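Written below as structure tokens is the structure these notes are about.
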Amino acid sequence: LDVLSPDPRPLERSRARLVRIRVTDLASQRLKASVSIPVSLINVGLRLGARLAPQLSGSALEELIRSVERGTTGLLLEWQDLEEGERIEIVVE
């Protein structure tokens with residue numbers, strides 16, 4: 001009979017959360033790259049991103065991962081790389 005009783009846990013109807021990484025050219029304001037990564041793959045995605053942006057490594061990278069795992073949403077990081085002429089944004093939706 002336990003099989004027939006309703007599950008006391010509420011149904012989770014929310015869609016999968018995504019981390020969006022956008023790279024914009026500062027001079028032209030054109031989008032150079034836009035990547036969406038499911039939160040479940042955030043460790044892999046941000047570690048790969050750290051290879052492309054060495055400034056985002058070590059404790060900064062770990063703090064970003066912890067923020068996402070805690071359920072933080074919205075703009076996590078925005079920085080400008082003046083040498084490359086790029087703005088990088090990391091947003092959790």
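Read-outs throughout are calculated quantities, based only on the coordinates presented, and are distinct from any laboratory measurement. Please read all numbers here as calculations on a predicted model, not as lab measurements. Heads up, the Cβs are rebuilt from the backbone with ideal geometry, glycines too, and the neighbour counts pull from every protein chain shown.
Odds and ends about this structure:
- Highest to lowest packing among 72-78, 27-33, 86-92, 59-65, scored as the average C-beta count within 10 Å: 86-92, 59-65, 72-78, 27-33
- A full extension of the chain between E93 and V39 corresponds to an added length of 18.5 nm, given 0.36 nm per residue minus the alpha carbon distance.
- Spacing of the two label points (7 Å from each Cα toward its C-beta) at E63 and S28, in nm: 3.3
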